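Notes to accompany the following structure.
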Amino acid sequence: MRFGVLGPLTVWTADGEPVRVLEVKVRALLAGLLIHAGRPVSADRLIDDLWGGRPPANAPAALRVKVSQLRRVLGDRELVAYRSPGYVLRVDPGSVDAGRFETLIGRAQHADDLRVRVSLLREALDLWRGGAYAEFADEPFAQAAVARLDEQRLVAVESLAEARLGLGEHALVAAELTDLVARHPLRERLRAVHVRALYLAGRQSEALAAYGDLRRRLADELGLDPGPELAALHQAILQQDPALGAQPRPSTNLPAPLTSLVGREVAVAEVSALLRANRLVTLTGPGGVGKTRLALAAAASLDPGRRPGSVDGLGAGVWPGSGGGTGGGFG
């Protein structure tokens, strides 16, 4: 028999058929036993879990009735055993989705291969069908277990995002973390992976804005500064540190051509040679003959480190040339 607590409380047979546990107190009893799966829970504790401060007149007898009903629903009396001073649910951790989740997370932490780690973390997170112990999340007996599982889930999401960044999924990670960051704006590890994803996706200004938002929130709400790891990440972004993994972009405003340049290979080679030998080159000729297009092709043919920073005539202005036409200059 298998049990699900990562969402609404669910029970399945070994063949995967759902087992209906309808009575609310019986479901609460099962939830309480699953929280302590494999460990005895005292009768007094279970009575408090089920009835709070208003137990029935004969609470031990009422509890025995609920235990009997649970055994009948599960179809196996041995699953819910009496063990002084209370009861124990005799299940293997692997038969509860929360146990399988924790096992997969542990395996992922020790996986050196990023693809294997991503696969394990995805498998673990796919076990979630909603909030942990969903219908009992506000009950005192479940709150500690819910908080622990929710934290483990967030850590798994952060670990998955970091691993995916290592595989180059920068833009996808940046987009997918947006809503989660909005729900957990002060969570520094989550913010760090989001800021890094934004930067690696080519969205440097948004990365810096995200860091600034966290810094303001920490100062206003907690009177704190970002931790040293986030501060170091911020400084690395400002310096465009290659260690972050982003490819350096050449300092240029040359636009990407929409089409290829056909039949002017010789002219491109001549202008490229002039560019290698001279700091400034000016092309002259009648308007409309393709001086700007030739200039772009010649500039693009150079090694990135030698490309000119600008081509005049592309929004920066045009120069009068000889022969009554206009000229474009670049350097």
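Between residue 61 and residue 219, 0.36 nm times their residue separation minus their Cα-Cα distance comes to what? Could you put the intermediate results ahead of the total?
Values: separation 158, 0.36 × 158 = 56.88 nm, distance 5.51 nm.
Gain in length upon complete extension: 51.4 nm.
Can you give me the distance in nm between label points at residue 279 and residue 155, each placed 7 Å from the Cα along the Cα-to-Cβ direction?
6.0 nm
In a shell of Cβ-Cβ distance under 12 Å around residue 188, excluding residue 188 itself, what net charge do Lys and Arg (+1) and Asp and Glu (-1) give? Don't jump to the answer; show the numbers that get you there.
On the way: positive: 187, 189, 191, 215, 217; negative: 158, 225, 229.
Net charge in that neighbourhood comes out at +2.
Could you check the simple spin-label distance between residue 48 and residue 240, using points 7 Å along Cα→Cβ, in nm with one decimal?
Placing both labels 7 Å beyond Cα along the Cβ direction yields 6.2 nm.
What per residue convex hull volume, in Å³, comes out for region 142-253 when only alpha-carbon positions are used? List each step's numbers first, then the result.
Details: hull volume 12.7 nm³, N = 112.
Normalising the Cα hull of region 142-253 by residue number yields 114 Å³.
In a Debye calculation with equal point scatterers on the alpha-carbon sites of region 197-240 and no solvent, what is log10 I(q)/I(0) at q = 0.13 Å⁻¹?
-0.28
Given the Cα-Cα distance of residue 127 and residue 81 and 0.36 nm per residue of separation, how much length would full extension add, in nm? Please list the in-between numbers first.
Numbers: separation 46, 0.36 × 46 = 16.56 nm, distance 2.78 nm.
Result: 13.8 nm gained on full extension.
Convert 37 °C to kelvin, take the viscosity as 0.692 mPa s, use the Kirkwood radius over C-alpha pairs of region 1-116 as Rh, and evaluate the Stokes-Einstein diffusion coefficient in µm²/s, rounded to a whole number.
On the way: Rh = 15.3 Å.
Once the numbers are plugged in, D ends up at 215 µm²/s.
Roughly how big is region 138-207's charge dipole about its Cα centre, with Cβ charges of +1 (Lys, Arg) and -1 (Asp, Glu), in debye to the nearest 20?
Working: 9 positive and 11 negative charges, 52 e Å.
So the dipole magnitude of region 138-207 works out to roughly 240 debye.
Using a probe radius of 1.4 Å on heavy atoms only, what accessible surface per residue do you get for region 1-60? Whole Å² is fine. Please list the in-between numbers first.
Details: 2990 Å² over 60 residues.
That works out to 50 Å² for each residue.
The values are calculated or read from the model by the stated rules, or taken from the named source; none is laboratory data. Not measured: the values here are computed from a predicted model. Using ideal geometry, Cβ is built from the backbone for each residue, glycine included, and neighbour counts are taken over all protein chains shown. SASA here: full protein model, heavy atoms, side chains in, ligands and nucleic acids out. Shrake-Rupley method; radii C 1.70, N 1.55, O 1.52, S 1.80 Å.
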